[in-house]
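Undergrad: Pasting a structure below so you can have a look.
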Amino acid sequence: MFLAIRELSFARLRFALMGAVIALIAVLMVMLSGLSVGLVRDGVSGLQNLPVTSFAFARNVQHDSAFSRSVVDISAVDAWAGQPGVAQAAPFGNSLVNGRTDQGTEVDLALFGVRPDSFLSPPVGEGDRLGAADGIVVSPTALDAGLRVGDTVTVARLGTRLRVVGVTEQQDTFGHVDVAYLPLAAWQAIRSGTAPGVELPQRAAAEITAVAIRADDGKSVDLAAGDAVAGTESMTLNESYGASPGYTAETTTLQLIQGFLYAISALVAGAFFAVWAIQRKAEVAVLRALGASTGWVLRDAVTQAFVLLVAAVAVGVGVGLALGAAITGSGIPFALSMPSVSAAAVGLVVLGLVGAGAAVLRITSVDPATALGGNR
């Protein structure tokens, strides 16, 4: 008899309104998912693209600002390179600077100081790789800010001139600022405030931000043992994302909003089907009087909710993907990720079913005689 399926057609306006609400929630989930992925990519893609498994920072450094506060002696690189399971270890420098191109364009850059012959030297999609003492390799997103291969960037207050020699293959940003790779010696001079033409102080030449570590394939590194030898404090690559400016606050906020939307979805679906269950109490009583079991009634109601939720979420996801595609590349940190979108869609359907199932459970054990007015 499938009463629930017939009701979808009979009361299509009511179900259409309910479906529209769920579809709007699905649109919001897709947009929030895109913002989450986009913000993460804009905040730490420069770190994500580094071929490292962990960073060794200064001991007792504040974790949420390790990249800006850590100062490690370069001798720690050799100490880490000799640890079991370490394939390679290399010095890594990080700092944020302001600059101006010869055309007068103001640019902000996150400088990644690396040795040009180390595994940290990035592959390029345009121009040349690192090598020249004053050469920098920038993120493709820096081209949107007005940089071009061959341009010269003058670092504010120091007057150090850096020449753009190449562009990385993919987006490299750190703290929502375009990354520029440069030779370690040039980074040390800028960080220490050494003016152009002045010899780099010995102290500055021995200081780096962290030791970048890459483990052997299929092996793990005992970070605690390495820290004890090198006098450092290590974080895995994923843990180091939290040291990027604003990363933890942004991701936590969006995850909290997504969690509330999931809860709202379950409550909305549950409230609708609770009201609907009360209205169809007499029909369920007839089914029970004809011999329908409690399990059959529950399955019939959940099937009705499943059809509505899947259809509404599919429409909402489609609209969300269209909106997301329209704003991608517009300067908003937004990136569509199908695994994230799929997880959000499945989560909405599952939680909606939970809410609907809880709402209709109360009528599955209704007494037919009572529901049909037999007690009067």
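Undergrad: Considering amide H positions built from the backbone, and no H for Pro or chain starts, which residues 5 or more places from Ala180, or on another chain, come under 5 Å of its amide H?
TA: The list, which skips near neighbours in sequence, is Ala110, Leu111, Phe112.
Undergrad: In degrees between 0 and 90, to the nearest 10, how far off the longest principal axis of the chain does helix 338-360 point, with axes built from Cα atoms?
TA: With both axes taken from Cα atoms, the answer is about 30 degrees.
Undergrad: Under 12 Å from the Cβ of Ser244, count the other residues' Cβ atoms, weight Lys and Arg +1, Asp and Glu -1, and hand me the total. Write down the numbers at each step before the final one.
TA: On the way: positive: Arg41; negative: Asp42, Asp64, Glu239, Glu250.
Here the count lands on -3.
Undergrad: Still on this structure: Explain nothing, just the number: dipole magnitude of segment 136-184 about its Cα centre with +1 on each Lys and Arg Cβ and -1 on each Asp and Glu Cβ, in debye rounded to the nearest 20.
TA: I would put it at about 300 debye.
Undergrad: If you rank Trp80, Trp276 by how much accessible surface each has, with a 1.4 Å probe, what is the order from largest down?
TA: Heavy-atom accessible area, descending, gives Trp276, Trp80.
Undergrad: How large is the accessible surface per residue of the chain, computed with a 1.4 Å probe and reported in Å² as a whole number?
TA: 47
Undergrad: On C-alpha positions alone, give me the angle between the axis of helix 12-48 and the longest principal axis of the chain, in degrees, nearest 10.
TA: 10
Undergrad: What whole-number distance in Å separates the alpha-carbon centres of segment 54-71 and segment 209-272?
TA: 15
Undergrad: While we're looking at this one, here's another question. Which one of Leu200, Gln171, Thr141 is farthest out on the positive end of the charge dipole of segment 129-221, using unit charges on Cβ (Lys, Arg +1; Asp, Glu -1) and the Cα centre as origin?
TA: Leu200
Undergrad: If you don't mind, there's one more thing I want to ask. Please name which of Val21, Thr105, Gly93 has its Cα lying farthest along the dipole of the chain towards the positive end, using unit charges on Cβ (Lys, Arg +1; Asp, Glu -1) and the Cα centre as origin.
TA: In the chain, that residue is Val21.
Undergrad: Right, something else. Just to compare against my own numbers: the Cα pair-distance distribution for segment 89-144, 5 Å bins, whole % per bin, please.
TA: 4, 15, 25, 28, 19, 6, 2, 0
Undergrad: For the chain, which whole-number percentage of the solvent-accessible area (1.4 Å probe, protein heavy atoms only) is attributable to carbon and sulfur atoms?
TA: Here it works out to 59 percent.
Undergrad: What does the charge count around Thr173 come to, taking other residues whose C-beta lies under 12 Å from its C-beta (Lys +1, Arg +1, Asp -1, Glu -1)?
TA: Around Thr173, the surrounding residues sum to -4.
Undergrad: Mind ordering 40-47, 10-17 by average Cβ neighbours within 10 Å, highest first?
TA: On the way: 40-47: 22.4, 10-17: 12.9.
Highest-to-lowest ranking by the protection proxy: 40-47, 10-17.
Undergrad: Angle check, please: helix 247-279 long axis (alpha carbons) against the longest principal axis of the chain (alpha carbons), in degrees 0 to 90, nearest 10.
TA: The angle comes out near 10 degrees.
Undergrad: For segment 230-351, what is the charge dipole size about the Cα centre, in debye to the nearest 20, if Lys and Arg each add +1 at the Cβ and Asp and Glu each add -1 at the Cβ?
TA: In debye, rounded to 20, segment 230-351 gives about 640.
Undergrad: Additional query: Does segment 202-254 come out rounded, prolate or oblate by the C-alpha gyration tensor, with a ≥ b ≥ c the root eigenvalues, rounded set by a/c under 1.5 and, if not, prolate when a/b is larger than b/c and oblate if not? Intermediate results must be reported in sequence, preceding the final value.
TA: Working: a/c = 2.49, a/b = 1.30, b/c = 1.91.
In terms of gyration-tensor shape, oblate.
Undergrad: Could you give the nm distance between label points at Thr236 and Ala11, where each point is 7 Å from its Cα heading toward the beta carbon?
TA: Here the modelled spin labels are 4.9 nm apart.
Undergrad: Still on this structure, please answer the following. Report which label in [x] 4, 18, 26, 23, 15, 8, 4, 1, 0; [y] 5, 19, 21, 17, 12, 10, 8, 5, 2, 0, 0; [z] 5, 24, 35, 28, 8, 0 holds the value of P(r) over Cα pairs in 10 Å bins from 0, in percent derived from the coordinates of this structure.
TA: Looking at P(r) over Cα pairs in 10 Å bins from 0, in percent for this model, the match is [y].
Undergrad: Does segment 110-264 come out rounded, prolate or oblate, given a ≥ b ≥ c as the square roots of the eigenvalues of its C-alpha gyration tensor, rounded meaning a/c under 1.5 and, failing that, prolate meaning a/b above b/c?
TA: Oblate, since a/c reaches 1.5 and b/c is not below a/b.
Undergrad: Rounded to the nearest 0.05, what FRET efficiency do Glu106 and Val71 have when you use their Cβ-Cβ distance and R0 = 25 Å?
TA: 0.30
Undergrad: Let me spell out the model: positive unit charges on the Cβ of Lys and Arg, negative unit charges on the Cβ of Asp and Glu, origin at the Cα centre of the chain. What dipole size does that give, in debye rounded to 20?
TA: 1780
Undergrad: Using per-residue counts of other Cβ atoms within 10 Å, averaged over each peptide, order 194-200, 234-240 from highest down.
TA: The densest-packed peptide leads the list: 234-240, 194-200.
Undergrad: Net charge within 10 Å of Gln103 by Cβ-Cβ distance, Lys/Arg positive one each and Asp/Glu negative one each, not counting Gln103 itself?
TA: On the way: positive: Arg100, Arg148; negative: Asp102, Asp151.
Around Gln103, the surrounding residues sum to 0.
The values are calculated or read from the model by the stated rules, or taken from the named source; none is laboratory data. Keep in mind the model is a prediction, meaning the values are calculated, not measured. Note that each Cβ is placed from the backbone with ideal geometry, even for glycine, and that neighbours are counted across all protein chains shown. These accessible areas exclude ligands, DNA and RNA; they are computed on the full protein's heavy atoms, side chains included. Shrake-Rupley method; radii C 1.70, N 1.55, O 1.52, S 1.80 Å.
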